[in-house]
Amino acid sequence: MYNPQALEKKWRTRWVEESTHRVQEDSGKPKYYALDMFPYPSGSGLHVGHWRGYTISDVWSRYKKLQGYEVLHPMGWDAFGLPAENAAIKLGIHPAVSTASNIANFKRQLEQIGSVYDWSRELNTSSPEFYQWTQFFFVKMFERGLAYRKKMPINWCPSCKTGLANEEVVEGRCERCGTEVTKKEMTQWMLKITAYADRLLYDLDKLDWPDKVKRMQAAWIGRSEGARIRFSIQNYEDESIEVFTTRPDTLYGATYMVLAPEHPLVQHITPANRRSDVDTYVRETLKKSAIARQVVDKTKTGVFTGAYAIHPLTGHLLPIWIADYVLMEYGTGAIMAVPAHDLRDYEFAQTFGLQIVEVISPTGEILTAPGATPNLFTEAGKLVNSGAFDGLDSQQGQKAIVEELVRHGMGEATVTYRMRDWVFARQRYWGEPIPIVYCDVCGAVSVPVEQLPVSLPAVERYEPTGTGESPLAAIAEFVNTRCPKCGGPAKRETDTMPQWAGSSWYFLRYPDPHNSQQPFSKESANKWLPVDMYIGGVEHAVLHLLYARFFTKVIHDLDLIDFDEPFQRLFNQGMLTLQGVKMSKSKGNVVNPDDIIAKHGVDALRMYELFVGPPEDDAEWNTNGLEGVSRFLARMYRFFISHLGDNASSRPELERLRHRFVANLTERLTSFRLNTAVSSFMEYLNALQDVTAGIDEATLTTLAITISPFAPHMGEELWAQLGHETSVFTATWPTYEERWLADEEMEIAIQVNGRIRARLTVAADISEDSAVAAAQAHAELAPWLNGKTLVKSVYVPGRLINLVVKD
RNA sequence: GCCGGGGUGGCGGAAUCGGCAGACGCAGCGGACUUAAAAUCCGCUGAACCGUAAGGUUCGUACGGGUUCAAGUCCCGUCUCCGGCACCA
């Protein structure tokens, strides 16, 4: 009888005792690095939804192992983060303590999956042995000018009195207390990810990633080609407004200018009589939350500053307005408004009665009657009302106008990105301290790498101070230090790094996890990376995956590794739903794996995680489906045991079934259709159960080996039952021979005018002529063929014959 | 609004090179075994119509067109669901 719990316990114990999952660095086999996105060890534990990705990566790892690869399949903990800190504030438990107990629970659950994780390489981003190297990379970036400080507005929760990361702002509100988030001007550490924008964009081509993720990253980077144009300001000869536009061909249609309300020139150029209106508008804009300004209400608002810009080519005076539809963060924070050819400018001009001039025409004719308002036209066309440039098409016009601007020193072609530099600081306790010291004499100085880590000190209270400073700022012993350069008195930076820091490079550490001299040896990284298969949720499509790519490129430029992309292949598993809703603890609709295992065993749960649907699609959890898979495993076990002693000899019937099964299964695995791979086993077993005489050993061996990536405990058991003393994972994935895939005879369909009218059994190698002749002679077809003329016949070997007839 | 991906039996899903739609599983129905049940095993199972029956015909992959000997698959249009972005100049 199949007793999964006993059997699974036996093999799990054996795997631990024999260190089966240890990577053999000197095996001489080709390497394969299969990686899960490591989890944040939350207090709520894992549910069957989390299991999906881990199961997929484990099945894949074991399959690769059977194919003869030395597989590195490690696991660790993304252990710094807000939930632990918030729990500390609420319950007074030190984050290190709660994190450690959460990790223990996660590890217990993950070990149950039966994964081939090599736990000797376990990582924890919150341990000093790990985060000293996170700090090391920060220092290296600082030395290269890639880490810098900037004063800028950040998300601020007035209730929690703390700065928030972008990911902690949910629909404009604080994740913790629901208060609407405002902006607060603060000096922040930034990483210059924009310096890598083009490489991050173009190197996407090298990656075997889902198109969706590539598109999301490309959109996030948002590369945009255009021109920078300077407009001088009437009565302010030493000032100018610089704008960015993707449509320099529309320059003659610019009828007004708009500055972002926060633009530094606003205060300068506003005359006294306009000051109060302008100040009021600026104040109101700053009060508006990000959602109110950007998403919900797109009604155009703004005020005239009273100042005028001078058109660089016509010399016309253009009124300068401020409006919140122009964002300070993008481009130069100022635009030239071309209302005839831009929807937003059009709406704004209509609202405030500003001039609209047609300069691009689809036909090359001026389409606007004198005195009439031009229609909005945002596509490319031919230039009109554009002086010497009339008649050029948009593309030529852009080039010619930019050249003209360059000649006058009024502008040039340029590229702008949507992506901004990365705010890399948080006023929080539970993160990597930023290894910087401020000295009155030397300024901001990085802590020498040999003095790392800058350890996170114990604190009494985790609450932010209320001034926007980290809790670390209240600890004098931590803050007061000596300048590493001059030895004088100095103060430490008290901000910590964001949660994304450790996960940006952890995959480089697994090959060399205990190195105390360097983050990793170049040799080990070059041996194991890039990661061959990276598996995790699509929610990390942009942030984590972009940051990790950025770090990898920086580390490559530091000459510490030879590759510059971390993850060659990426797979995003779909999530599991229950009653159509994403499974999550907070929604209270989780299925606990422990219960399933107690009833059906780990192997059944693993099989069902695959069988539930295409691995990349979301899928609805269904207990009946799980029971089906569980029944199958029991049936398979019974079948196997009952035929162990058959000693039957090989025969064509069995050979044919086996080779077809292996071909079929391998194809489905290779193309990652894992749900159908499970079906392959069911189909094979159904066919084998129709076999009347005994089963040969090759069939049983094949079953034991092929089932083992999916149901590894059963695989080991069946393999042992066959008399083997070593692990089934020392075996080799079976191959198949083409000659067994084709039948000697086969049934094909016969169509008349595309409709199936009969079936015919023919020899596999029958010629087209004979096949067609046999079809025509088929008695059942007589009613469809009599009195008609055959005009054409189509023969698809092994499939069908189509006879095209007419009266 | 823009970009992308989907809509196939009662359900989850197969069929991705244009070639027999519905593999496999679930649910359902009928049967075997059993004193009975559970478990297990066997058979049937897209719809409508014709036929006592064996069997047959027609329809059928969101909807409407098209290409083709042949369309779930390719093309055009429409509806709808999901995801991403969202005043990015």
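The values are calculated or read from the model by the stated rules, or taken from the named source; none is laboratory data. Just so we're clear, the structure is a prediction, and the values are computed from it rather than from any experiment. With ideal geometry, Cβ positions are generated from the backbone for all residues, glycine too; neighbour counts draw on all protein chains shown. Heads up: the accessible areas ignore ligands, DNA and RNA and are worked out on the full protein's heavy atoms, side chains in. Shrake-Rupley method; radii C 1.70, N 1.55, O 1.52, S 1.80 Å.
Given the alpha-carbon gyration tensor of the stretch A:492-563, what are the semi-axes of its equivalent ellipsoid in whole angstrom, ordered largest first, with each equal to the square root of 5 times an eigenvalue?
On the way: eigenvalues 81, 66, 27 Å².
Each semi-axis is the square root of five times an eigenvalue, giving 20, 18, 12 Å.
Can you give the Rg/Rh ratio of the stretch A:53-121, where Rg is from the C-alpha atoms and Rh is the Kirkwood radius? Write out the running numbers ahead of the final one.
Values: Rg = 15.8 Å, Rh = 13.9 Å.
Taking Rg over the Kirkwood Rh, I get 1.14.
Let me know the whole percent of all Cα-Cα pairs from chain A that are separated by more than 52 Å. Intermediate values should be presented prior to the final figure.
Working: 111948 of 325221 pairs.
Everything past 52 Å amounts to 34 percent.
For A:LYS140, which lysines qualify as cross-link partners when the Cα separation must be under 27 Å and same-chain residues fewer than eight apart are set aside?
Qualifying lysines at Cα under 27 Å: A:LYS150, A:LYS151, A:LYS192, A:LYS206, A:LYS485, A:LYS491, A:LYS522, A:LYS527, A:LYS553.
Please report, in cubic angstrom per residue, the volume enclosed by the convex hull of the alpha-carbon atoms of the stretch A:745-806. Walk me through the numbers before you get to the answer.
On the way: hull volume 4.1 nm³, N = 62.
Dividing the Cα hull volume of the stretch A:745-806 by its residues yields 66 Å³.
Which trypsin sites (Lys or Arg not before Pro) does the stretch A:751-807 hold that lie in a coil by DSSP with at most 12 other beta carbons within 10 Å?
On the way: sites: A:ARG755, A:ARG757, A:ARG759, A:LYS788, A:LYS792, A:ARG799, A:LYS806; in loops: A:LYS788, A:ARG799.
When the trypsin sites (Lys or Arg not before Pro) of the stretch A:751-807 are filtered for loop state and at most 12 Cβ neighbours within 10 Å, A:ARG799 remain.
Quick check: Cα centre of the stretch A:393-421 to Cα centre of the stretch A:565-633, how many Å?
53
At q = 0.11, 0.18, 0.20 Å⁻¹, what is the base-10 log of I(q)/I(0) for the stretch A:177-279 according to the Debye formula with one equal point scatterer per Cα and no solvent? Please give it to two decimals.
These q points yield log10 I(q)/I(0) values of -0.66, -1.11, -1.14.
Which three extents, in angstrom, do the Cα atoms of the stretch A:1-85 have along their principal axes, listed largest first?
Ordered largest first, the stretch A:1-85 gives principal extents of 44, 39, 23 Å.
Over chain A, what is the relative contact order in whole percent, taking alpha-carbon pairs under 8 Å and six or more residues apart?
14
Kindly express, to the nearest 10 degrees and within the range 0 to 90, the angle between helix A:275-287's C-alpha long axis and the longest C-alpha principal axis of chain A.
20
Treating cross-link reach as a plain straight distance, find the aspartates and glutamates whose alpha-carbon is under 19 Å from the alpha-carbon of A:LYS806, omitting any fewer than eight places away in the same chain.
Cross-link targets: A:GLU780.
With runs of 4+ DSSP H residues as the only contributors, calculate the mean residue ellipticity of chain A at 222 nm using -39,500 (n - 2.57) per run, divided by the residue total and rounded to the nearest 500.
Working: 24 runs with 274 residues, N = 807.
Per the formula, -10500 deg cm²/dmol.
Would you rank A:ASP393, A:ASP205 by solvent-accessible area, highest first, keeping every protein chain in place and using a 1.4 Å probe? Don't skip to the answer; put the middle values down first.
Values: A:ASP393 50, A:ASP205 130 Å².
The most accessible residue leads, giving A:ASP205, A:ASP393.
Just from the alpha-carbon atoms, what are the Rg and Dmax of the stretch A:662-718 in angstroms?
In Å, with Rg to one decimal and Dmax whole: 11.7, 35.
Going by a ≥ b ≥ c, the root eigenvalues of the Cα gyration tensor, does the stretch A:224-294 fall in the rounded group (a/c under 1.5), the prolate group (a/b larger than b/c) or the oblate group?
Numbers: a/c = 2.44, a/b = 1.25, b/c = 1.94.
It is oblate, given that a/c is not under 1.5 and a/b is not larger than b/c.
Can you check what the net charge comes to around A:GLN109, using other residues whose Cβ is under 15 Å from the Cβ of A:GLN109 (Lys, Arg +1; Asp, Glu -1)? List each step's numbers first, then the result.
Values: positive: A:ARG12, A:ARG52, A:LYS107, A:ARG108, A:LYS585, A:ARG606; negative: A:GLU8, A:ASP36, A:ASP58, A:GLU111, A:GLU122, A:ASP594, A:ASP595, A:GLU609.
Value of the local net charge: -2.
DSSP beta bridges in chain A, what fraction antiparallel, as a percent rounded to 5?
Numbers: 74 of 97 bridges.
Bridges in chain A are about 75 percent antiparallel.
Give me the net charge for the shell around A:SER232: Cβ to Cβ below 12 angstrom, other residues only, Lys and Arg +1, Asp and Glu -1. Kindly include the intermediate steps, with their values, before the conclusion.
Numbers: positive: A:ARG230; negative: A:GLU237, A:ASP238, A:GLU239, A:GLU242.
The answer is -3.
Going 7 Å from the Cα of A:ASP617 in the Cα-to-Cβ direction, what parts of the stretch A:562-585 have a backbone nitrogen less than 13 Å from that spot?
A:574-575
What ³J(HN,Hα) values, in whole Hz, does the Karplus curve 6.51 cos²θ - 1.76 cosθ + 1.60 give for the stretch A:268-273 when θ = phi - 60°, with x put for Gly and Pro?
Result, ordered by residue: 6, 9, 6, x, 4, 6 Hz.
Lys and Arg at +1, Asp and Glu at -1: add these up for the other residues within a Cβ distance under 14 Å of A:ASN385 and post the number.
Values: positive: A:LYS382; negative: A:ASP249, A:GLU358, A:GLU365, A:ASP390.
Result for the neighbourhood of A:ASN385: -3.
Please give the peptides A:145-152, A:608-615 ranked by average Cβ packing (other Cβ atoms within 10 Å per residue), highest first, as a rough proxy for protection.
Values: A:145-152: 14.9, A:608-615: 23.2.
Ranking, from highest mean packing down: A:608-615, A:145-152.
Let me have the relative contact order for the stretch A:548-621, percent, based on Cα pairs under 8 Å that are six or more residues apart. Mind showing how you got there, number by number?
On the way: 59 pairs, mean separation 24.2, N = 74.
Taking the mean separation of contacting Cα pairs over the length of the stretch A:548-621, I get 33 percent.
Quick query: amide H of A:GLU616 versus all other amide H atoms, modeled in the peptide plane; which residues come in under 5 Å with a sequence gap of 5 or more or a different chain?
Here the answer is A:GLY574, since their amide H atoms fall under 5 Å of that of A:GLU616.
Based on the Cα gyration tensor of the stretch A:224-416, what are the three equivalent ellipsoid semi-axes, each the root of five times an eigenvalue, rounded to whole Å and given largest first?
Working: eigenvalues 145, 71, 50 Å².
Equivalent-ellipsoid dimensions as semi-axes: 27, 19, 16 Å.
Quick check: the distance between the Cα centres of the stretch A:314-366 and the stretch A:1-18, to the nearest angstrom?
Spelled out, the Cα-based centre of one part sits 72 Å from the other.
Using only the alpha carbons of the stretch A:596-740, determine the length spanned along each of the three principal axes and report them from longest to shortest in whole angstroms.
Principal extents (largest minus smallest coordinate, Cα): 44, 33, 31 Å.
What FRET efficiency comes out for the pair A:ALA476/A:GLN67, r = Cβ-Cβ distance, R0 = 60 Å, nearest 0.05?
Numbers: r = 59 Å, r/R0 = 0.98.
With R0 = 60 Å, the Cβ-Cβ based efficiency is 0.55.
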